[in-house]
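Any read-out appearing in this document is the output of simple, stated calculations on the displayed coordinates, not a laboratory observation. Predicted model, so just to flag it, every value in this text is computed and none were measured. Positions of Cβ are generated from backbone atoms using ideal geometry, with glycine treated the same way; all protein chains shown enter the neighbour counts.
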Amino acid sequence: MSAPDPSASAPVVLVVEDDAMARDLVEQILDEAGYRVLAAESGARAIEIVRNGPPDLVVLDIMMPGMEGREVCRWLRANPTTEAVPVIFLSAIDSLAEKLKAFEAGGNDFVSKPFDDRVFLKKVKDLLRLSGARTSMERIRRR
């Protein structure tokens, strides 16, 4: 997997995961791929981080104490500054019903734990590329 272009500003990925070991693993994978990584151990902490400036992508666990991942995703979609930020749900829950609920909450993709690093990074890269293309098209349209 090729890392993002180091001459460009590396995309910022927010990882929201209550399990410290899982969070550290995802952070390490993204960091080694050249992304700038922010981390939150809860939905409430994720919202605090996002209020300081939206990330380029969010990796979001579903089952967390307090504010669960779908609730965080709905919050992101309801805010103009974050409504278009891509969200990848990353969860040990693998049922079709739960995946559908994640997509209905506004998620762009879903990765089941355990996951293959290469597949995960491909999804991150593809969503960031699509998001960048959409942003470019919006700028052109506004001109």
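Quick look at the values:
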{"read-out": "Between the range 15-35 and the range 42-111, the alpha-carbon center distance in angstrom", "value": "15 Å"}
{"read-out": "Candidate aspartates and glutamates - alpha carbon under 13 Å from LYS99, same-chain residues fewer than 8 apart omitted", "value": "ASP61, ASP109"}
{"read-out": "GNM top mover of ALA46, ALA78, ALA97 - the chain, alpha-carbon springs below 10 Å", "value": "ALA97"}
{"read-out": "Student exercise, the chain dipole from Lys, Arg, Asp, Glu Cβ charges, in Debye to nearest 20", "value": "920 debye"}
{"read-out": "Among VAL119, VAL111, VAL59: highest mean-square fluctuation, GNM of the chain, C-alpha pairs under 10 Å", "value": "VAL119"}
{"read-out": "Under 20 Å from the Cα of LYS101 - lysines, other chains or at least 8 residues apart", "value": "LYS113, LYS123"}
{"read-out": "Formal net charge of residues neighbouring VAL16 (Cβ-Cβ distance under 9 Å; K, R +1; D, E -1)", "value": "-2"}
{"read-out": "Normalised per residue, the volume of the convex hull around the Cα set of the range 35-80 (Å³)", "value": "72 Å³"}
{"read-out": "Integer Hz, Karplus 6.51/-1.76/1.60 couplings in order for the range 9-21, x for Gly and Pro", "value": "5, 5, x, 9, 10, 9, 9, 10, 8, 7, 7, 4, 5"}
{"read-out": "Over the chain, relative contact order from alpha-carbon pairs under 8 Å, at least 6 apart, %", "value": "20 percent"}
{"read-out": "Rounded to whole Hz, the Karplus (6.51, -1.76, 1.60) HN-Hα couplings of the range 30-37, x for glycine and proline", "value": "5, 4, 5, 7, x, 8, 8, 10"}
{"read-out": "Calculated [θ] (222 nm, deg cm²/dmol) that DSSP helices of n ≥ 4 give over the chain, each run adding -39,500 (n - 2.57)", "value": "-15000 deg cm²/dmol"}
